[in-house]
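Here's the structure, in structure tokens; my notes come after.
Please treat every number below as a calculation from the coordinates, not as lab data. Please read these numbers as outputs of a predicted model, since none were measured by experiment. Methodologically, a virtual Cβ is constructed for each residue, glycine included, from the backbone with ideal geometry; neighbour enumeration extends over all protein chains shown.
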Amino acid sequence: MALTFSNQPQYDWEAPQFQLKGVDGKSYSLESFQHARALVIIFMCNHCPYVIAVQDRINELAREYAEKGVALVGINSNDATRYPEDSFEAMQVRAREKNYVFPYLFDETQSTARAYNAVCTPDPYVFEKVGSGFKLRYHGRIDDNWKNPDQVKTRELALAIDAILTGSPVSPQQAPAMGCSIKWKE
């Protein structure tokens, strides 16, 4: 497990298009979330200990903000051939076991992760709905203690969402996300 930190992106860039299959059998694209005031995309997987430590928090964020017009989606871009625990079938099992309330999508070709310049799991992005597209406002960690939810003092991801919902600027002070590297195909 190699610790990897997320890249610092260019803020205000538009969310790249994608078309991915969800564990529920449906196909999802950016248009699937046009109703949302904000869109949270988290690159994640099944086997990474960093994701395992925060998966319940991700699910709770999705539940907490759904009624406020925020859509959250998880995307798994790992090579399922070398990491079968991240296969589509294993994703379906995990989503059922954890009762995910958000779409969990499989980026089999890894083109979506590359388009977003995602490098680790979890790797969260928060986009604000602007016109007919989504503009990046936050790319950082979920909170200040990935390992122990009882010791979290600051929920940075939630603060970014709250800022968007109230029309306030999102803080430019954004600590990078950290986790396992995305498992790229050879």
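Listing for the model above:
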read-out	value
Isolated Cys residues of the chain, judged by Cβ distance under 4.7 Å to other cysteines	C45, C120
Likely footprinting exposure, F18, F106, F5, F43, fewest C-beta neighbours within 10 Å first	F5, F18, F106, F43
Ranked M91, M178, M44, criterion: other C-beta atoms within 10 Å, fewest first	M178, M91, M44
Ellipticity estimate at 222 nm from DSSP helix runs (n ≥ 4, -39,500 (n - 2.57)) divided over the chain, nearest 500	-7500 deg cm²/dmol
Rounded to 5, percent antiparallel among DSSP beta bridges of region 3-181	70
Proxy reagent accessibility, fewest Cβ within 10 Å first, across E64, E97	E97, E64
Table column - 3J(HN,Hα) (Hz), region 34-45, Karplus curve with 6.51, -1.76, 1.60, x for Gly and Pro	4, 6, 7, 6, 9, 10, 9, 10, 10, 6, 8, 7
Linear extension gain, R114 paired with Q17, 0.36 nm per residue minus alpha-carbon span	33.8 nm
Rg followed by Dmax, in Å, when region 120-182 is reduced to its Cα trace	12.5, 39
For region 92-107, Karplus couplings with θ = phi - 60° (6.51, -1.76, 1.60), whole Hz, Gly/Pro x	4, 4, 4, 4, 5, 4, 8, 6, 4, 9, 10, x, 10, 10, 10, 9
Computed over region 85-124, Cα set: Rg, Dmax in Å	11.2, 30
Euclidean distance of C-alpha centroids, region 1-61 and region 119-172, integer Å	12
